[in-house]
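Here the structure comes first, spelled out in structure tokens, and everything after it is commentary.
The values are calculated or read from the model by the stated rules, or taken from the named source; none is laboratory data. Since the model is a prediction, treat every value here as computed from it, not as a measurement. Don't worry about glycine lacking a Cβ; one is built from the backbone with ideal geometry, like all the others, and counts go over all protein chains shown. Surface areas here come from the heavy atoms of the whole protein model, side chains and all, with no ligands, DNA or RNA. Shrake-Rupley method; radii C 1.70, N 1.55, O 1.52, S 1.80 Å.
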There are 2 protein chains.
Amino acid sequence: SRSKATLRVWLVCPGLLGCFLLGFLTGWFTKLTEKNPNSPYISQNVRQKLVAEMKAENIRKFLRSFTKLPHLAGTEQNLLLAKKIQGQWKEFGLDSAELVNYDVLLSYPNEKQPNYISIIDDQGNEVFNTSLFEPPPQGYENLPQHCFFLSAQADLVYVNYGRTEDFFKLEREMGINCTGKIVIARYGKIFRGNKVKNAILAGAQGIILYSDPADYCAPGVAAYPGGWNLPGGGVQHGNVLNLNGAGDPLTPGYPAKEYAFRYKVNEGVGIPKIPVHPIGYHDAEVLLRAMGGPAAPDNSWKGSLNVPYNIGPGFTGNSSTRSVLIHYSRTTNYLLHSPHKNTTYNHTPIHQNYSLSGHRDSWVFGGIDPTTGAAVLQEIVRSFGKMKLEGWRPRRTVIFASWDAEEFGLLGSTEWAEENAKVLQERAVAYINTDSSIEGNYTLRVDCTPLLYKLVYNLTKEILSPDEGYENKSLYESWLEKDPASENNSYPRINKLGSGSDFEAYFQRLGIASGRARYTKNRKADKFSNYPVYHTVYETFELVEKFYDPTFQKQLTIAQLRGKLVYELADSQVIPFDCRDYGEALKGYSNRIYKLAKKHAEQLKLYKVSFDPLFSAVVNFSKAAAEFHGRLEQVDKKDSVAVRIMNDQLMLIERAFTDPLGLPGRKFYRHVIFAPSSHNKYAGESFPGIYDAMFDIESKADQHEAWEEVKRQISIAAFTVQAAAGTLQEVA
Amino acid sequence: SRSKATLRVWLVCPGLLGCFLLGFLTGWFTKLTEKNPNSPYISQNVRQKLVAEMKAENIRKFLRSFTKLPHLAGTEQNLLLAKKIQGQWKEFGLDSAELVNYDVLLSYPNEKQPNYISIIDDQGNEVFNTSLFEPPPQGYENLPQHCFFLSAQADLVYVNYGRTEDFFKLEREMGINCTGKIVIARYGKIFRGNKVKNAILAGAQGIILYSDPADYCAPGVAAYPGGWNLPGGGVQHGNVLNLNGAGDPLTPGYPAKEYAFRYKVNEGVGIPKIPVHPIGYHDAEVLLRAMGGPAAPDNSWKGSLNVPYNIGPGFTGNSSTRSVLIHYSRTTNYLLHSPHKNTTYNHTPIHQNYSLSGHRDSWVFGGIDPTTGAAVLQEIVRSFGKMKLEGWRPRRTVIFASWDAEEFGLLGSTEWAEENAKVLQERAVAYINTDSSIEGNYTLRVDCTPLLYKLVYNLTKEILSPDEGYENKSLYESWLEKDPASENNSYPRINKLGSGSDFEAYFQRLGIASGRARYTKNRKADKFSNYPVYHTVYETFELVEKFYDPTFQKQLTIAQLRGKLVYELADSQVIPFDCRDYGEALKGYSNRIYKLAKKHAEQLKLYKVSFDPLFSAVVNFSKAAAEFHGRLEQVDKKDSVAVRIMNDQLMLIERAFTDPLGLPGRKFYRHVIFAPSSHNKYAGESFPGIYDAMFDIESKADQHEAWEEVKRQISIAAFTVQAAAGTLQEVA
């Protein structure tokens, strides 16, 4: 019954003369205008027409257009790209497209004094220096280089992947102390920021990250441009902050607007206090070759360079008097304030709403990350615009957003979430992320809230598989066959949400049902990390067109799935969440955490640790969910208030799992059921409070205290699940 | 359209065999049953009939009945009282009445070894001891005594009221160091817990609290039972915890259910680590008489005992070798767990709801506090029950609650708020407190959210004044004449909500619009603190009947006002909040805080402190409120979804002012506009974050840092107000 004849889009705008930009693109469709006589007819056809409207060729054109230049956050190029997208969104027919501005902390290398690493002899001479730049691919030679990494001189220690278990191995089994050393870790397995955090905890005074061919070259594949493997000069860019959901490091919890209070840079959240520098494997080989000390403890510590993978510390033989120096000439910490003197505010009148959002900024060209996502978003917006121009309106407002500064720590998306937290918590139905639509070309990968399982399964059954050998089969069928779930192979695998992309603030902090979908590699066969040229200058349009998705069919498939998710969430009379799947998921997670706990059976007894309250709460939730679902099926669809009451309950289920007190030491992660793993930000951990309390428990000094914390976390989890069950009870 | 034919009440139940009880009484009326053909007719008359139904004589009977025995939280008597109330609520016709149980930390004196204070001579002899018990009033002699106060031997220092400014005077102007001393403070002006906190901060090793006749005896009035003044043996009971909204000290943030994790008592929130003992003025006179040291700095430090009010430390003359000993034999810290082995859960299916709640537990008989409130609640419930039995149903669920353990730190109400936080945040419309309905008999006193100003003014115009000389005039008229607002004397005064009663968790933590109303003394003429026998054994039925409200008309008036508030909030189609008054209030508060800041004009310039963002946000809020109100007046009342959308916005306005991160160091106070003052829990402070950052700023070691915190708090306030304005924007 609410009707508005506007369609809007918001867009990024610069903080200061083209050198800095942050923000988002949103557009929304307001509710179906009852006065529009064509709408009912049009509405019926939209489900089909919307998907039919999407074309692989358009995605190709958008990808080509968006990847011609680098578009690092805060640069003029990225502002121009934002304006281009804004213009197109307006043309497509959105009600509005606006730029929103935040002034956040970014960090660029000093281009006149680039960072590098030297081997220093006993005379202080630099006998070897790592390269200053990645060799640019052909056709892109005249472009500036960007690198975001943060002087230390010491002996090197090789720490494998720099994981928690790697440092345990070094410190506890091998007796190697990293205090005061420079550690060298290979990329892969976990988020690089966790490696840096672990190095700091181990007392290192610097950390070098490198890409080992074992992790970044697939067997039998040529290096780019001949193939899709990482060249020896390729360097993975990426931020190494441990923000834990804070967004802009200087304005944790609040939007980085003109009036925001800013901490000093040395007080900022998650900024490492030691230099960090990434290198390619050609340079790494030189550093690793001469290392002494014990040998790698086993093959899992060996990469595929022609070096012994000795642990150190330091070099051996002729080189034993040499040390390593990180030249960290100083990153420029930009904090640019808006030139506007007046405090102005923009607002989002959002009804129960649905959002499709992904980032636009990239380390260099962003050929895959994020532009295969941004191009897909563009085609989806175009298709929705087409439907709108034909007279259709969704029931719920749809917001499209093109985030900036994702690569610097999810900054644009987090600041916008902070600014709009109240309205989002009151009214947001769901958030679908649209980062890279491919990271491989083997099969579908979905990470989402259990509320969306059913919808994802149903929609993938309606989409044709783009896979070779699956002609005329559904996406669901190829997905199920290629990647069945471990716990029940009659369904395709769906992963837990962790972090590493812009859904974080929406899901982990605000408790908005979220999901993401992309094409991925073969998890069993392909042992390389990410895709080999991830976050390098070699992520180009040509990489995608020649090697990953020549027909753009995989990306089109993702566009269809993301587009259908938007459509169903925005236009279904009853929000298409199934809360029973949350009950099932909770059951699995509680069994898993209990299984972990049972490894300490004696302690459980000694310290009177019981999981019964958690099991009981999960049973109660499942029961409440089943009853709720029963009532939902009976609801009188003509009674708009009755439907709205149930939609409100559905909308708020995910919110019910959040705790305003947050997780221990990670106050912006408020979801009690899911969090990014403390050991690898990319991975989702279930019951993270309990998991973290139990992690490595034997090593804790005070066992009584350690188990008390486990008990406290079980209690919080049980309470939260129980409270969530309470929100499903019938509204009297 | 939702309909349920049940009316329920929840009631307290014991944690363990009658010796311990906590919980609440709730009852609710579900929405108007459309199938009931009589409802529309009945509904029209309810507004009048409900108030006409209430009788002073009934309130008298309830008061008499409820005050025969002491009903301290956790005692068998209080359980029996809960059961009695439960039974009556059922009889009255509520849909249900349930007991809810929490196991919380309570503390009782060791009756076999009561606490007392001695003067010790240089031989270690006790040359004077304070009394062990208050002399009970006639007719109540055989009743147990209860006292909740927590060994220290040292010289005494007299600290006046023990306020922040009193300790500043001592330490900064008089150079008196309280470290290692026992301080003696007179009751009055501020919450006793703040006195204890200040004493601890000053380094005291014990604190004695006493009631000075200057503060607890009105001129020309006899001591009870001859009059309503405090007898010399009367001792004010009361808790001295600094919980800052945590509820049960061992389960902060979470409900104290069977499965709850409990901290150890020595880790509990807000429990003072020094002995605290309260005495009457007969005993105090002996302690104060011989004190030496400098004289009281001015008359504001002098009470009306026949002693010099010297500051100390220690005694003078013959007594100079004597010291004071607090015999703190040990309070019993009760922590009783429920005997039930199974974890069971009860839930509250609450639609948009409205709550009327007050506490039932008292220090002794609770003649005024809380039973003049509990009796009024009982009469209101009876009257609502009558309407229900005649076929009426309110639009919104009404929950009545009889809280336990308010006196121990708002425990029952806070635990229930914690258990039901999610559902309350989603659906609660308002909370009206029903503690003591009188604390004097001069005029009305109201403390409430600005959202309720208009409703309170309108309703008091419909109620007849019970005041002598105001026959046939409205309550509004007598109130306006007797207590006009300071800032605008064309309206009666309404105070800000602080704490000190059960609304705290609902308003300060959860952001639910709240209010309280009672009869009070003459603020200009009556200089005594509280009412003289407050929290003593002399708070009896007779006190009320003989001295405070012989006709029970004042209590009836409060019943009418509270009852009408319930009715309007529960049954109006549009929630009767006026958000424009919030804008006006914010304007006043921002001007006030800026005026305070301007005392430091140079620093404001030096440290670039600007209040402009706050002023700008307040202007934006007012504008958004005016626009919202305009739309509200235009809304099509027949469009139930449109009305519901606006009701949702109205309901969530108060919530929009909360910040999940809480105030600095007080994480359970989440309301950014209001908080209990850090210097006196009873008083409400506006913009408490800014106020606290500016308080006593000159004394701070690092001025730059101090003003940075002011700036940070201004920024948070501006952001919050702006975000609240955002929630008022039209829902598209």
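With respect to (1) more than 11 Å from chain B (Cβ to nearest Cβ); (2) touching a strand residue (DSSP E or B) at 6+ places or on another chain (Cβ under 9 Å); (3) of a type outside the set (D, E, K, R), the lone exception for A:LEU606 is condition (2).
Please work out which one of (1) part of a helix (DSSP H, G or I); (2) modelled with pLDDT of 95 or more is the condition B:ASN441 fails and give its number. Among (1) part of a helix (DSSP H, G or I); (2) modelled with pLDDT of 95 or more, the lone unmet condition for B:ASN441 is (1).
Check every one of the helices (runs of 4 or more DSSP H) wholly within the range A:566-676 and list those with 1 or more residues that are among the β-branched types (Val, Ile, Thr).
Because the criterion is at least 1 residues that are among the β-branched types (Val, Ile, Thr), the helices (runs of 4 or more DSSP H) in the range A:566-676 that meet it are A:580-598, A:612-634, A:640-656.
If you take the residues in the range A:544-562 that are more than 21 Å from the chain's Cα centre (by Cα) and open to solvent by less than 10 Å² (accessible area, probe 1.4 Å), which one is farthest from A:THR443 (Cα to Cα)? Per the criteria, the residue is A:PHE552. The condition of being under 24 Å from A:PRO660 (Cβ atoms) and either among the hydrophobic types (A, V, I, L, M, F, W, C) or in contact with a Lys or Arg (Cβ under 9 Å, 6 or more places away or on another chain) (or both) holds for only one of B:ARG509, B:ARG493, that being B:ARG509. Residues in the range B:692-708 include at least one that is assigned to a helix (DSSP H, G or I), surrounded by fewer than 22 Cβ atoms within 10 Å (Cβ to Cβ), charged (D, E, K, R) and within 12 Å of chain A (Cβ to nearest Cβ).
For A:ALA570, state whether it is modelled with pLDDT under 95 and either closer than 30 Å to A:ARG395 by Cβ or buried (at least 23 other Cβ atoms within 10 Å of the Cβ) (or both). Here the answer is yes, as A:ALA570 does meet what is asked.
Would you mind stating whether A:ALA625 is surrounded by 22 or more Cβ atoms within 10 Å (Cβ to Cβ) and within 13 Å of chain B (Cβ to nearest Cβ)? So A:ALA625 fails the test. Hey, does the range B:39-60 have a residue that's at positive phi, within 24 Å of the chain's Cα centre (by Cα) and either open to solvent by less than 10 Å² (accessible area, probe 1.4 Å) or modelled with pLDDT of 90 or more (or both)? No, the range B:39-60 contains no residue that is at positive phi, within 24 Å of the chain's Cα centre (by Cα) and either open to solvent by less than 10 Å² (accessible area, probe 1.4 Å) or modelled with pLDDT of 90 or more (or both).
Quick test for you: out of B:VAL196, B:VAL265, B:VAL276, pick the one residue that is within 25 Å of B:TYR116 (Cβ to Cβ) and in contact with a helix residue (DSSP H, G or I) (Cβ under 9 Å, 6 or more places away or on another chain).
Checking each option against the conditions leaves just B:VAL276.
Of the numbered criteria (1) farther than 25 Å from A:GLY193 by Cβ; (2) among the hydrophobic types (A, V, I, L, M, F, W, C); (3) open to solvent by less than 20 Å² (accessible area, probe 1.4 Å); (4) within 11 Å of another protein chain (Cβ to nearest Cβ), the one A:LEU652 fails is (3). Here is the figure for the range B:425-438: residues that are assigned to a strand (DSSP E or B) and more than 14 Å from chain A (Cβ to nearest Cβ) total 5. Select from the range A:122-137 the residues that are more than 19 Å from A:VAL533 (Cβ to Cβ) and charged (D, E, K, R) and write down the one among them that is surrounded by the fewest Cβ atoms within 10 Å (Cβ to Cβ). Step by step, filter the range A:122-137, then rank; the result is A:ASP122.
The number of residues in the range A:381-424 being of a type in the set (A, V, I, L, M), more than 29 Å from A:LEU72 (Cβ to Cβ) and within 14 Å of chain B (Cβ to nearest Cβ) comes to 1. Within the range A:316-331, not a single residue is within 14 Å of another protein chain (Cβ to nearest Cβ), at pLDDT 80 or above and either closer than 30 Å to B:SER715 by Cβ or open to solvent by 40 Å² or more (accessible area, probe 1.4 Å) (or both).
Results for (1) acidic (Asp, Glu); (2) touching a Leu at 6+ places or on another chain (Cβ under 8 Å), shown as yes or no for each residue.
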residue	(1), (2)
B:ALA485	no, no
B:ARG493	no, no
B:ASP502	yes, yes
B:ALA517	no, yes
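Scanning the range B:89-113 for residues that are loosely packed, with under 15 Cβ neighbours inside 10 Å and in a loop (DSSP other than H, G, I, E, B) yields a total of 4.
Residue-wise test of (1) under 25 Å from B:GLN205 (Cβ atoms); (2) more than 10 Å from chain A (Cβ to nearest Cβ); (3) aromatic (Phe, Trp, Tyr); (4) open to solvent by 20 Å² or more (accessible area, probe 1.4 Å).
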residue: B:THR251; (1), (2), (3), (4): no, no, no, no
residue: B:VAL265; (1), (2), (3), (4): yes, yes, no, yes
residue: B:VAL269; (1), (2), (3), (4): yes, yes, no, yes
residue: B:GLY280; (1), (2), (3), (4): yes, yes, no, no
residue: B:ASP283; (1), (2), (3), (4): yes, yes, no, yes
